[in-house]
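Bear in mind that the values in this text are calculations on the coordinates, not laboratory data. Please read these numbers as outputs of a predicted model, since none were measured by experiment. No Cβ is skipped: glycine too gets one built from the backbone with ideal geometry, and neighbour counts run over all protein chains shown.
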Amino acid sequence: MHRIDELLKQMTLEEKVSMVSGSGPWHSTGIERLGIPPLKVTDGPNGARGDGVSGATAACFPVGSALAATWDTELIEQVGKTLGIEAKSKSSQVLLGPTINIHRVPLGGRHFECYSEDPYLTGRLAVSYTLGVQSEKVGVSLKHFVCNDTEYRRHSASSDVSERALREIYLLPFEMAVKEADAWTVMSSYNRINGTFASSHYQLLTEILKKEWGFKGFVVSDWGACLQTVENAN
């Protein structure tokens, strides 16, 4: 942590902004003069396709709901470990998964990626998946934070939810993977939560994720999900 603090002190404002802006769809911006390399992510969660445009082949694993049907945490951890190896074969340092949203409405077009309608089962499998992937020194990106329950108007829909339901159903799997498996990154979702965009949500991203849960990693938006400027920067 001391080394990171020293590097931050040496970075200009322009370099900091460039780093959090990214150099393209799959890479962060490196700071060559400080020896900071770019970070490469790869789409998941049931494979590692690298940059998505190279045409490289990738092993395809069963989707989340199929894996969850096994109720086998040891198997899920082994799958995660193998996916970590796959990600490294694509020169990637972060695998964009697991998808741990909850099966709640029939308009959730990506439910096949998620594990379950049960938050505790989802959380237990998310912990195992995270431990497996990160045992290979590849980070996971828990997604999509949070209440990403429908594909219909996903850039504008608001998931309006009570504090109790938010805590007990939707946030629980993320909390478990952060606290029990030290997940390295989290991906914020497209939708609004109670009227506020996920990527601009101070209560969720700062008060709960970082301060309450002690999350030390970084948050990446879903692709095209940063629909505000000042709010996201703050």
- Considering only the other residues whose Cβ falls under 11 Å of the Cβ of S21, what net charge follows from Lys and Arg at +1 and Asp and Glu at -1? -1
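Net charge near S159: determine it from the other residues with C-beta under 11 Å of the C-beta of S159, scoring Lys and Arg +1 and Asp and Glu -1.
Numbers: positive: R104, R154, R192; negative: D149, D160.
Net local charge, S159 excluded: +1.
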- Message: Is the C-alpha gyration tensor of the stretch 60-112 telling us rounded, prolate or oblate? Criteria: a/c under 1.5 is rounded; beyond that, a/b larger than b/c is prolate, otherwise oblate.
- Response: oblate
- Straight-line reach from K211: which lysines have a Cα under 16 Å away, not including same-chain ones fewer than 8 places off? K179
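Does the stretch 1-45 come out rounded, prolate or oblate by the C-alpha gyration tensor, with a ≥ b ≥ c the root eigenvalues, rounded set by a/c under 1.5 and, if not, prolate when a/b is larger than b/c and oblate if not?
Prolate.
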- Task: Go through S199, A183, S18 and say which Cα lies farthest out towards the positive end of the charge dipole of the chain; charges sit on Cβ, +1 for Lys and Arg, -1 for Asp and Glu.
- Result: S18
- Query: What shape does the chain take by its C-alpha gyration tensor, where a ≥ b ≥ c are the square roots of the eigenvalues and a/c under 1.5 counts as rounded, a/b above b/c as prolate, and the rest as oblate?
  - Reply: oblate
- Message: Give me the net charge for the shell around A48: Cβ to Cβ below 12 angstrom, other residues only, Lys and Arg +1, Asp and Glu -1.
- Response: 0
- Rank V127, V105, V41 by mean-square fluctuation in a GNM of the chain with C-alpha springs under 10 angstrom and give only the top-ranked residue. V105
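Applying a 10 Å radius around every beta-carbon, put 207-218, 78-89, 134-145 in order of their mean neighbour count, most first. Each step should come with its number before you reach the end.
Numbers: 207-218: 15.4, 78-89: 20.9, 134-145: 23.0.
The peptides rank, most packed first, as 134-145, 78-89, 207-218.
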- Task: Pull up the cross-link candidates among the lysines for K137, meaning alpha carbon to alpha carbon under 17 Å and not fewer than 8 places away within one chain.
- Result: K40, K81, K88, K90, K216
- Message: For the stretch 8-74 and the stretch 115-167, what is the centre-to-centre distance using only Cα atoms, to the nearest Å?
- Response: 17 Å
- Sorted by average packing, counted as other Cβ atoms within 10 angstrom per residue and highest first, what order do 67-73, 94-100 take? 94-100, 67-73
